[in-house]
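Engineer: Have a look at this one before I ask anything.
The values are calculated or read from the model by the stated rules, or taken from the named source; none is laboratory data. Just so you know, these numbers come straight off a predicted model, no measurement behind them. Please note: Cβ atoms are built from the backbone with ideal geometry, for glycine as well, and neighbour counts cover all protein chains shown.
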Amino acid sequence: MSTPTARIWSRNLLALLVMTLSPAFMQTWAFAHTSLEKYIRQEVSVSMRDGTLDVRLQCVFPSDISLTERRHMDTNGDGVLSSDEKAAYLHDLQERAEKQVRILFNDKVMVLIPLEEPVLDLQDATGVEAHPHEIRLAWFVRVPESFGVGGRIVIESEWWTDRPLMISVRTDVAQGIRLKKTEAKGLRYPKQDEPVCRLLEAQCTAWSPGNVNRERTTR
Amino acid sequence: MNVIRYASAVFMVGMTVLAWAQQPPPLPDAVKMADALFQRHAYLGDGVDTEAVDAVRRDLREAERLLRRNATEEQQKQGADLMNTASSRLLALLQGLSSAQVVEMPVERTVVQPVTTLRLPGSSTAHLFRVEQGAGPARCVVRTIDLSVDAVAMFTIDVKEPGTTWVLAAFDRVPQGRTSLELTLAGAGASRLTMPIETMTEPHGTLNVRVLSDDSGKPCPAMMRMVWKTDGSDVRPANAVDLTQLFDNQGSATGLRKAQLGGRFSGSYWCVPGSFSMSVAPGEYEITVMRGAEHLVIHEVVEVRPNERVERTYQPRRWVDMRDHGWYSGDDHVHTQILSDRDARMAMSWIQAEDVRLANVVKMGDIYRTWFEQRGFGKAYRVQDQGYILSPGQECPRTHGELGHTISMNITEMVRNTEQYYLYDTVFDEVHRQGGLSGYAHVNADLFFVHRDMSINIPKNKIDFVELLQFANLGTTQYYDFLNLGYKVTASAGSDVPWGGSVGEVRVYAYLGKKKFTADRWFEAVRKGHTFVTNGLMLEFTVNGALPGDEVRVDDDKPLRIKAKAWGHPERDVPAKLDLIVHGEPVKSVVADTPDQAAIEVDFTWPPGHGFWIAAMAEGRDGTRAHTTPIYVVKPGFRFWQHERAEELIAKREASLAEVERIVAEAQAGRNSSGKEDANRPVTELAEQGSALLERVEAAKAIYADLRTIAAQEATLRKP
């Protein structure tokens with residue numbers, strides 16, 4: 001049987017724990033009047049050819065967030081980022097990406113297939129230090145047969161959406177296809193009730209049906 | 001009974017799916033092998049179509065994805081089928097490779113093979129072994145051995161399973177000359193096959209490169225990429241400028257600059273300040289040389305043979321010299337530290353490499369501190385070399401959750417008073433007093449709530465320019481709203497390096513006509529609004545001969561002569577469409593007749609009506625954009641605004657002002673802009689400066705109220 005003091009303590013501790021772990025608290029902490037140097041830059045580029053759409057996502061971490069991430073990579077805390085530690089970090093990223101990055105063709109979610117192994121570029125500082133770094137991931141998706149002029153492509157992400165993001169978008173042209181960006185938000189603040197960030201909303205403005213791999217898109 | 005049948009069926013389906021999921025892949029590690037062959041070691045596949053390898057690896061990855069996820073039974077089956085067919089295709093590709101060395105594993109004993117000599121094309125290479133170990137399925141093993149990390153020269157690769165194992169052993173950073181390695185294939189049980197390997201790298205060759213200016217014929221800086229075709233690796237030119245030192249640990253802090261350009265030219269480039277000579281592994285090198293938007297890009301594959309010296313001179317040809325048309329390029333937003341002559345030389349090399357005539361090199365600040373320090377400001381601290389100018393400026397004040405970022409050019413000293421940090425007009429006034437120009441950054445994307453301060457200070461005519469193009473993104477929404485209220489604002493562009501890719505990837509051209517190029521004249525041209533912005537295409541645009549930024553006053557209804565031309569070069573980018581925009585809407589659009597049409601021109605007349613603003617906008621085949629500052633057609637007694645939307649546009653501005661009132665109220669209540677208690681400096685300073693800021697808001701409101709009155713008066717006059 002606990003004493004009243006112990007009960008108050010445990011209640012307070014629980015409240016503190018709940019508050020500390022609540023997304024709202026986390027986001028408010030991250031959001032409040034942060035400076036540009038705390039923004040994670042996310043650049044998404046899409047290019048379409050031969051019935052597939054390649055999606056590349058590059059995230060550039062500013063110095064202080066990079067330091068946090070580097071500490072996270074340095075699992076044994078020796079201040080050196082070993083190949084195994086970097087590989088494990090990238091593996092985690094890939095796993096997270098599968099759950100947190102989505103592509104929609106005309107509002108239908110399509111399967112993003114990893115195209116390349118993720119890349120960690122520590123730029124000119126390879127240790128646990130405050131220096132920007134970047135990660136690069138690539139996927140591809142089979143373009144549905146029904147896609148054509150007027151079709152809409154949306155890419156959504158929940159990656160680091162509890163941090164302020166600077167988003168830029170590039171759409172590459174190939175073989176008579178034009179993807180017009182219809183939304184490039186530029187800047188995104190964390191939102192308590194919106195963990196999903198729309199990285200890209202593009203509309204197809206020209207289309208050559210020959211680009212679609214009919215055999216593949218029946219899948 | 002039905003329940004039992006149903007449960008049995010579910011169980012059987014589940015077991016089938018589980019069986020598919022747990023079935024060993026037909027060719028284990030096929031994805032790694034296909035990736036390695038496609039991305040780095042395509043040279044192993046002599047005569048193999050890389051597109052075929054790419055198609056196989058995509059199918060393998062898709063199959064892997066289908067099998068790995070909690071997919072439906074049908075998807076699992078599709079995955080298994082796709083994995084089977086793609087694996088068979090990869091196996092067929094591997095079997096067709098003549099470069100594969102066949103080795104037979106001994107049974108339960110160790111065999112040391114005679115020395116195998118591998119002649120490596122360079123410091124990186126790979127060798128493919130087809131390891132036979134009795135009957136059994138095929139599999140792949142890919143192993144990369146970095147000899148700069150693995151000091152010991154003995155390596156073991158497991159090939160324990162019976163059957164055929166395709167082993168791709170890749171070696172990175174192999175020393176030059178002869179190196180003795182010992183590679184052991186560890187088979188089943190005690191089977192060991194040890195292969196002493198003597199790697200012999202080919203003697204290096206020497207590559208001498210110089211880049212000449214198309215203007216002077218003399219050596220000049222350039223942006224360059226060198227790819228060793230053997231494995232697709234990027235080679236850093238020997239004298240590449242170490243730009244990292246200029247970046248204050250900010251942004252993308254590396255000398256390898258990613259060009260944010262359309263399609264073919266995207267990729268990363270080094271800034272090379274002049275001629276260089278370097279020892280390189282023999283083989284073919286794909287060299288790309290760029291010199292900014294006005295030059296064609298040179299692509300060349302150069303073969304370097306062992307012990308041979310290859311001399312290459314590149315002279316990127318101008319497809320246009322905008323100076324001949326009176327236009328001079330600039331970048332209003334370049335962050336580099338310049339504290340020494342050495343810093344200045346590096347930054348100068350960069351703008352010369354990108355052929356940007358004037359860079360506004362901005363010291364950056366916020367309410368706490370500054371970055372990208374400068375030696376000083378004003379004419380004495382401009383750096384000039386061969387018609388290129390670095391001119392110090394500032395990006396400050398910058399507030400991120402409140403009022404946005406500002407840019408100033410041609411200042412004589414930094415203007416920064418944190419006790420008035422939210423009173424941007426104090427900075428604009430001081431900058432103007434110094435003879436400089438003030439503007440807003442990131443307007444193309446409406447970053448950092450810049451529309452709020454725009455609503456306060458544009459109607460007070462405190463602003464000269466806004467950034468309309470950045471990060472390859474032309475954004476006109478905010479710009480058009482202010483133009484449509486009848487305010488003149490000049491279009492500008494800035495790369496924002498090191499957050500952006502490279503200096504001049506977006507640029508603002510200012511018109512000097514036949515006058516000699518000087519920094520003062522360039523700034524004066526921007527002040528007059530004689531500009532257009534671009535990341536590729538070029539634009540010319542006149543109304544009755546007047547230039548962008550000019551005012552054309554009309555007293556009668558005589559149609560105006562409007563001429564515009566967008567042009568490019570088929571080897572860079574060409575215009576796909578040219579729009580003439582009046583009050584934000586295209587009134588004339590011309591689409592290119594053919595994909596390679598180098599220019600689109602329009603020449604038409606348009607009635608002056610009650611006045612308007614008109615601008616030219618072009619879109620390139622590769623997605624590049626260009627946009628002019630408008631020409632303002634003014635009829636006495638009328639604003640050049642979009643009168644029919646005046647109320648809506650004024651309401652928007654008032655809503656922005658209400659946002660300012662809200663954040664001031666929050667700050668004065670000790671809360672930040674998201675309504676949370678906050679005692680950080682931005683909040684306390686905003687609270688402190690709030691009443692002065694609100695006075696400015698009131699003054700802006702009065703201006704908008706006057707606009708309402710004017711709109712009502714004009715409504716009567718505008719009736720037909």
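Engineer: Mind checking which residues of region B:410-440 are crowded, with 24+ Cβ neighbours inside 10 Å and within 14 Å of chain A (Cβ to nearest Cβ)?
Structural biologist: Across region B:410-440, the qualifying residues are B:Tyr421, B:Tyr422, B:Tyr440.
Engineer: Report, by residue number, each residue of region B:71-100 that is in a helix (DSSP H, G or I) and farther than 25 Å from B:Glu51 by Cα. Spell out how you get there, then give the answer.
Structural biologist: Restricting attention to region B:71-100, the residues satisfying the condition of being in a helix (DSSP H, G or I) are B:73-95.
Hits for region B:71-100 are B:Glu73, B:Glu74, B:Gln75, B:Gln76, B:Lys77.
Engineer: Here's something else I'd like to know. Check region B:699-710 and report whether any residue there is modelled with pLDDT under 95, surrounded by 13 or more Cβ atoms within 10 Å (Cβ to Cβ) and over 38 Å from the mean Cα position of the chain (by Cα).
Structural biologist: The first filter runs over region B:699-710 and keeps only residues modelled with pLDDT under 95, leaving none.
Checking region B:699-710: not a single residue is modelled with pLDDT under 95, surrounded by 13 or more Cβ atoms within 10 Å (Cβ to Cβ) and over 38 Å from the mean Cα position of the chain (by Cα).
Engineer: Quick one: count up the residues across region B:496-517 that are out of contact with any strand residue (DSSP E or B) (no Cβ under 8 Å at 6 or more places or on another chain) and more than 30 Å from A:Tyr39 (Cβ to Cβ).
Structural biologist: So the first thing to find is which residues in region B:496-517 are out of contact with any strand residue (DSSP E or B) (no Cβ under 8 Å at 6 or more places or on another chain), and the list is B:498, B:513-516.
Next, from what is left, pick out any that are more than 30 Å from A:Tyr39 (Cβ to Cβ): B:513-516.
Number of matching residues: 4.
Engineer: Something else: From the list B:Arg58, B:Arg65, pick out the single residue that is within 13 Å of chain A (Cβ to nearest Cβ), among the basic types (Lys, Arg), in contact with a Gly (Cβ under 8 Å, 6 or more places away or on another chain) and part of a helix (DSSP H, G or I).
Structural biologist: Details: B:Arg58 fails: in contact with a Gly (Cβ under 8 Å, 6 or more places away or on another chain).
Testing whether each residue is within 13 Å of chain A (Cβ to nearest Cβ), among the basic types (Lys, Arg), in contact with a Gly (Cβ under 8 Å, 6 or more places away or on another chain) and part of a helix (DSSP H, G or I) leaves just B:Arg65.
Engineer: Among the residues that make up region B:482-493, is at least one of them modelled with pLDDT of 95 or more and within 12 Å of chain A (Cβ to nearest Cβ)?
Structural biologist: In the first step, residues of region B:482-493 are kept if they are modelled with pLDDT of 95 or more; the result is B:482-493.
With within 12 Å of chain A (Cβ to nearest Cβ) added as a condition, the list becomes none.
No.
Engineer: Sticking with this one: I need the full set of residues from region B:368-381 which are over 27 Å from the mean Cα position of the chain (by Cα) and more than 14 Å from chain A (Cβ to nearest Cβ), in order please.
Structural biologist: B:Arg375, B:Gly376, B:Phe377, B:Gly378, B:Lys379, B:Ala380, B:Tyr381
Engineer: Can you tell me which residue within region B:260-305, out of those that are of a type in the set (Asp, Glu) and within 27 Å of the chain's Cα centre (by Cα), is farthest from B:Asp215 (Cα to Cα)? Reasoning before the result, please.
Structural biologist: First pass over region B:260-305, keeping only residues of a type in the set (Asp, Glu): B:284, B:286, B:294, B:300, B:303.
Next, from what is left, pick out any that are within 27 Å of the chain's Cα centre (by Cα): B:286, B:294, B:300.
Numbers: B:Glu286: 25, B:Glu294: 12, B:Glu300: 21 Å.
So the residue we want is B:Glu286.
Engineer: Okay, moving on. Name every residue in region B:481-516 that is closer than 22 Å to B:Phe448 by Cα, β-branched (Val, Ile, Thr) and assigned to a loop (DSSP other than H, G, I, E, B), in order of residue number.
Structural biologist: Within region B:481-516, B:Val489, B:Val506 meet the criteria.
Engineer: Something else: Restricting to region B:668-693, and then to whatever is under 15 Å from B:His400 (Cβ atoms) and modelled with pLDDT of 95 or more, can you tell me which residue is surrounded by the most Cβ atoms within 10 Å (Cβ to Cβ)?
Structural biologist: Filtering first and then ranking leaves B:Leu686.
Engineer: To continue, here is another question. Tell me, which strands (runs of 3 or more DSSP E) wholly within region B:155-257 include 3 or more residues that are farther than 20 Å from B:Gly267 by Cα? Break it down stepwise before answering.
Structural biologist: Working: elements: B:163-172, B:178-186, B:192-201, B:205-211, B:222-228, B:233-235.
Result: B:163-172, B:178-186, B:192-201, B:205-211.
Engineer: Among the candidates B:Val103, B:Val149, B:Val107, B:Val141, which residue alone is part of a loop (DSSP other than H, G, I, E, B), closer than 20 Å to B:Ala169 by Cβ and of a type outside the set (Ser, Thr, Tyr)?
Structural biologist: When all the criteria are applied, what remains is B:Val149.
Engineer: If we keep just the residues of region B:44-66 that are surrounded by fewer than 21 Cβ atoms within 10 Å (Cβ to Cβ), farther than 23 Å from B:Gln101 by Cα and at pLDDT below 90, which is farthest from the chain's Cα centre (by Cα)?
Structural biologist: B:Glu64
Engineer: Are any residues in region A:121-135 more than 11 Å from chain B (Cβ to nearest Cβ) and either buried (at least 18 other Cβ atoms within 10 Å of the Cβ) or without any contact (Cβ under 8 Å) to a residue 40 or more places away in the chain (or both), and if so, which ones?
Structural biologist: Start the filter on region A:121-135 by keeping residues that are more than 11 Å from chain B (Cβ to nearest Cβ), which leaves A:126-128, A:135.
Within region A:121-135, A:Val128, A:Ile135 meet the criteria.
Engineer: Out of B:Val552, B:Val526, B:Val497, B:Val506, which single residue is surrounded by 24 or more Cβ atoms within 10 Å (Cβ to Cβ) and either more than 14 Å from every other protein chain (Cβ to nearest Cβ) or among the charged types (D, E, K, R) (or both)?
Structural biologist: When all the criteria are applied, what remains is B:Val526.
Engineer: Now a separate question. Return yes when A:Ser47 is more than 15 Å from A:Glu116 (Cβ to Cβ), small (Gly, Ala, Ser) and in contact (Cβ under 8 Å) with a residue 24 or more places away in the chain and no when it is not.
Structural biologist: Numbers: more than 15 Å from A:Glu116 (Cβ to Cβ): no; small (Gly, Ala, Ser): yes; in contact (Cβ under 8 Å) with a residue 24 or more places away in the chain: yes.
Answer is no for this residue.
Engineer: Something else about it: Given (1) assigned to a loop (DSSP other than H, G, I, E, B); (2) touching an Asp or Glu at 6+ places or on another chain (Cβ under 9 Å); (3) over 30 Å from B:Asp248 (Cα atoms), where does B:Gln478 come up short, assuming only one miss?
Structural biologist: Here B:Gln478 meets the rest and fails (1).
Engineer: So, one more: What do you reckon, is B:Glu647 among the acidic types (Asp, Glu), in contact (Cβ under 8 Å) with a residue 40 or more places away in the chain and surrounded by 18 or more Cβ atoms within 10 Å (Cβ to Cβ)?
Structural biologist: On the way: among the acidic types (Asp, Glu): yes; in contact (Cβ under 8 Å) with a residue 40 or more places away in the chain: yes; surrounded by 18 or more Cβ atoms within 10 Å (Cβ to Cβ): no.
No; evaluated as a whole, the condition is false for this residue.
Engineer: Here is a list: B:Ile463, B:Ile407, B:Ile456. Which entry is assigned to a loop (DSSP other than H, G, I, E, B) and either buried (at least 22 other Cβ atoms within 10 Å of the Cβ) or not β-branched (Val, Ile, Thr) (or both)?
Structural biologist: B:Ile463
Engineer: A further question on this structure: Return the only residue of A:Asp107, A:Asp50, A:Asp54, A:Asp84 being at pLDDT 50 or above and farther than 30 Å from A:Ser146 by Cα. Give the derivation first.
Structural biologist: Numbers: A:Asp107 fails: farther than 30 Å from A:Ser146 by Cα; A:Asp50 fails: farther than 30 Å from A:Ser146 by Cα; A:Asp54 fails: farther than 30 Å from A:Ser146 by Cα.
None of the others qualify; the one that does is A:Asp84.
Engineer: In region A:136-152, which residue that is at pLDDT 90 or above and crowded, with 20+ Cβ neighbours inside 10 Å is farthest from the other protein chains (Cβ to nearest Cβ)?
Structural biologist: A:Leu137
Engineer: Now a separate question. Which count do you get for residues in region B:509-523 that are surrounded by 24 or more Cβ atoms within 10 Å (Cβ to Cβ) and hydrophobic (A, V, I, L, M, F, W, C)?
Structural biologist: Within region B:509-523, residues that are surrounded by 24 or more Cβ atoms within 10 Å (Cβ to Cβ) and hydrophobic (A, V, I, L, M, F, W, C) number 2.
Engineer: Determine whether B:Gly401 is out of contact with any strand residue (DSSP E or B) (no Cβ under 8 Å at 6 or more places or on another chain), within 14 Å of another protein chain (Cβ to nearest Cβ) and of a type in the set (Gly, Ala, Ser). Full working, then the answer.
Structural biologist: Values: out of contact with any strand residue (DSSP E or B) (no Cβ under 8 Å at 6 or more places or on another chain): yes; within 14 Å of another protein chain (Cβ to nearest Cβ): yes; of a type in the set (Gly, Ala, Ser): yes.
Yes: the conditions hold for B:Gly401.
Engineer: So which strands (runs of 3 or more DSSP E) stay within region B:282-400 end to end and still have 2 or more residues that are buried (at least 17 other Cβ atoms within 10 Å of the Cβ)?
Structural biologist: Values: elements: B:283-290, B:298-304, B:309-314, B:327-334, B:358-365, B:383-385, B:388-395.
The qualifying strands (runs of 3 or more DSSP E) are B:283-290, B:298-304, B:327-334, B:358-365, B:388-395.
Engineer: Kindly evaluate B:Ser268 against the criterion of being at pLDDT below 95 and in a strand (DSSP E or B).
Structural biologist: Details: at pLDDT below 95: yes; in a strand (DSSP E or B): yes.
The answer is yes for B:Ser268.
Engineer: Please report, ordered by residue number, the strands (runs of 3 or more DSSP E) entirely within region B:588-681 with at least 1 residues that are under 30 Å from B:Trp567 (Cβ atoms) and within 14 Å of chain A (Cβ to nearest Cβ). Even if it seems obvious, please write down each step before you answer.
Structural biologist: On the way: elements: B:599-606, B:611-620, B:625-628, B:631-634.
Here the list reads B:611-620, B:625-628.
Engineer: Which condition does B:Ala359 not pass, out of (1) over 19 Å from B:Arg257 (Cα atoms); (2) modelled with pLDDT of 95 or more, if it passes all the others?
Structural biologist: So B:Ala359 meets the others, but not (1).
Engineer: Out of (1) over 30 Å from A:Ser63 (Cα atoms); (2) within 13 Å of another protein chain (Cβ to nearest Cβ); (3) surrounded by 19 or more Cβ atoms within 10 Å (Cβ to Cβ), what's the single condition that is false for A:Val111?
Structural biologist: Against the list (1) over 30 Å from A:Ser63 (Cα atoms); (2) within 13 Å of another protein chain (Cβ to nearest Cβ); (3) surrounded by 19 or more Cβ atoms within 10 Å (Cβ to Cβ), A:Val111 comes up short only on (3).
Engineer: Right, another one. Take the residues in region B:70-88 that are away from chain A (no Cβ under 14 Å), surrounded by fewer than 19 Cβ atoms within 10 Å (Cβ to Cβ) and in contact with a helix residue (DSSP H, G or I) (Cβ under 9 Å, 6 or more places away or on another chain), then tell me which one is nearest to B:Ala34 (Cα to Cα). Quick ask: steps written out before the conclusion?
Structural biologist: Step one: list which residues in region B:70-88 are away from chain A (no Cβ under 14 Å), which gives B:73, B:84, B:87-88.
Next, only the ones that are surrounded by fewer than 19 Cβ atoms within 10 Å (Cβ to Cβ) stay: B:73, B:84, B:88.
Add one more test, that the residue is in contact with a helix residue (DSSP H, G or I) (Cβ under 9 Å, 6 or more places away or on another chain), and what stays is B:73, B:84.
Numbers: B:Glu73: 27, B:Asn84: 14 Å.
Only one residue tops the list, namely B:Asn84.
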